[in-house]
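In what follows, a single structure is set out as structure tokens and then discussed.
The values are calculated or read from the model by the stated rules, or taken from the named source; none is laboratory data. Note that this is a predicted model, so its numbers are computed, not measured. Methodologically, a virtual Cβ is constructed for each residue, glycine included, from the backbone with ideal geometry; neighbour enumeration extends over all protein chains shown. Surface areas here come from the heavy atoms of the whole protein model, side chains and all, with no ligands, DNA or RNA. Shrake-Rupley method; radii C 1.70, N 1.55, O 1.52, S 1.80 Å.
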Amino acid sequence: MKTLVYIATTKALENAETFSSLYKTVPKYRQKKIDTYKTDKEKRLCLGVGLLLSRALKENEIDESLLELSHKDNGRPFFKERPDIYFSLSHSEERVMCSISDQPIGCDVEIIKEDSDKDVVNWTKMECYAKASDTNMMDLINGKAFYSKEYSFKEIELNDGYRYVICSKCPIEENQIIRLESF
């Protein structure tokens with residue numbers, strides 16, 4: 001399996017026709033999740049990460065229609081039929097991010113607000129590590145858990161007002177990061 005990271009903006013999903021058309025392309029489990037959200041922004045973000053995951057699976061020649069999404073006790077999503085597929089989803093404001101691998105992987109995107117850069121740096125690192133390692137986020141915050149050396153971090157600089165971080169057991173190269181301007 002190819003380890004891949006996708007990043008996109010949800011701006012195009014603000015168009016009702018585009019949203020409706022792309023909504024029909026995602027699996028029923030994703031449609032149901034989208035429908036639980038109240039605001040259009042939340043619906044766009046949920047659809048956006050779903051579209052990225054679908055694309056990542058297709059790129060790895062995996063038929064998403066044969067997979068059933070489930071969740072671990074800590075809330076981490078996984079596919080029952082394919083526990084060998086590791087993926088992570090993240091969204092913030094107008095950005096969505098998806099990482100996929102055959103090894104544990106986590107990703108996080110956060111908007112950078114004035115005077116919050118240091119907090120965002122710490123938060124994104126903790127969140128993507130928690131996702132990759134199945135570590136409880138509160139344990140990291142409270143100093144009850146620590147980063148393992150078997151994981152490495154990759155920051156993605158796009159200079160767009162967002163911070164993107166990936167945590168993985170394998171190094172992530174620039175050619176594995178795909179920035180999409182549209183879905």
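Just check segment 1-52 against the gyration tensor rule for me: Cα atoms, a ≥ b ≥ c as the square roots of the eigenvalues, rounded for a/c under 1.5, and otherwise prolate or oblate depending on whether a/b exceeds b/c.
prolate
Which Cys in the chain stand alone, with every other cysteine's Cβ at 4.7 Å or more from theirs?
Those would be C46, C98, C107, C170, since no other cysteine Cβ in the chain comes under 4.7 Å of theirs.
Going by a ≥ b ≥ c, the root eigenvalues of the Cα gyration tensor, does segment 34-79 fall in the rounded group (a/c under 1.5), the prolate group (a/b larger than b/c) or the oblate group?
In terms of gyration-tensor shape, oblate.
Determine one quarter of the surface area of the Cα convex hull of segment 101-170, which equals its mean projected area, and express it in nm² to one decimal.
4.9 nm²
Just going by the charge dipole of the chain, with Lys and Arg at +1 and Asp and Glu at -1 on Cβ, which of Q103, S21, H91 is farthest out on the positive end?
It is S21.
Might you tell me the accessible area per residue for the chain, computed with a 1.4 Å probe and given in Å²?
Spelled out: the 1.4 Å probe surface of the chain, per residue, equals 55 Å².
Quick one: what does P(r) look like for segment 1-160 with 10 Å bins over all Cα pairs, in whole %?
10, 38, 37, 15, 1
Leaving ligands, DNA and RNA out of it, report the carbon-plus-sulfur percent of the accessible area of segment 102-162 at a 1.4 Å probe.
That fraction is 47 percent.
For the chain, set up a Gaussian network in which alpha carbons nearer than 10 Å are linked by springs, and say which option among L47, L89, L140 fluctuates the most.
With Cα springs under 10 Å in the chain, the top fluctuation among L47, L89, L140 is at L140.
Over segment 107-183, calculate the relative contact order: mean separation of alpha carbon pairs under 8 Å at least 6 apart, over the residue count, as a percent.
35 percent
Quick test of the membrane-span-like rule: which DSSP H helices of the chain reach at least 27 Å along their long axis (C-alpha atoms) with mean Kyte hydropathy at least -1.0?
40-59
For every helix of n ≥ 4 consecutive DSSP H residues, a contribution of -39,500 (n - 2.57) applies; sum these over the chain, divide by its total residues, and give [θ] at 222 nm rounded to the nearest 500 deg cm²/dmol.
-10000 deg cm²/dmol
In sequence order, what are the phi-derived ³J(HN,Hα) couplings for segment 87-98 according to the Karplus relation 6.51 cos²θ - 1.76 cosθ + 1.60 with θ = phi - 60°, rounded to whole Hz, with x for glycine and proline?
8, 9, 10, 8, 8, 7, 6, 10, 10, 10, 8, 9
Could you work out the relative contact order of the chain? I mean the mean sequence separation of Cα pairs under 8 Å and 6+ apart, divided by the number of residues, in percent.
24 percent
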